[in-house]
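The values are calculated or read from the model by the stated rules, or taken from the named source; none is laboratory data. Here the structure is a predicted model, which is why all the values come from computation and not from measurement. All Cβ positions, glycine included, derive from the backbone under ideal geometry; neighbour counts span all protein chains shown.
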């Protein structure tokens, strides 16, 4: 038995075609995060999640030995891009959380003390 295929029934790995498509989506997510277009980023991430979910529901196919190197490189690059995306999203998420906290506090004060501008 080929060691690359011995666990094909137990482990589902993206096909090379699926990995290429996922990589393209992650590249688009990085560019979108750089533009701080968070709504579009969410849309692309949903597409990536759908692709991952669909890929995991297909029956496992043997990995062709010639594809292993490219598949490994793509998955490594996807991980790198994911890290880059997170490094941009986390500060923006924290900034939004702080802005929301200020707004909630302001609303609570206006409710408690009334609108002083009226």
Query - Checklist (1) free of Cβ contacts under 8 Å to residues at least 60 places away in the same chain; (2) part of a helix (DSSP H, G or I) applied to residue 68, failing item - result: (1)
Report task. Output the residues belonging to the stretch 106-115 that are assigned to a helix (DSSP H, G or I) and either exposed (fewer than 10 other Cβ atoms within 10 Å of the Cβ) or in contact (Cβ under 8 Å) with a residue 24 or more places away in the chain (or both). Result -> 111, 112, 113
Report summary line: residue 25 passes all but one of the listed conditions (1) in a helix (DSSP H, G or I); (2) at pLDDT below 90; the exception is number (2)
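The rows are residues; the columns are (1) surrounded by 10 or more Cβ atoms within 10 Å (Cβ to Cβ); (2) at pLDDT 85 or above.
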position: 63; (1), (2): yes, no
position: 74; (1), (2): yes, yes
position: 78; (1), (2): yes, yes
position: 83; (1), (2): no, yes
position: 90; (1), (2): yes, yes
position: 93; (1), (2): yes, no
position: 99; (1), (2): yes, no
position: 104; (1), (2): yes, no
position: 117; (1), (2): no, no
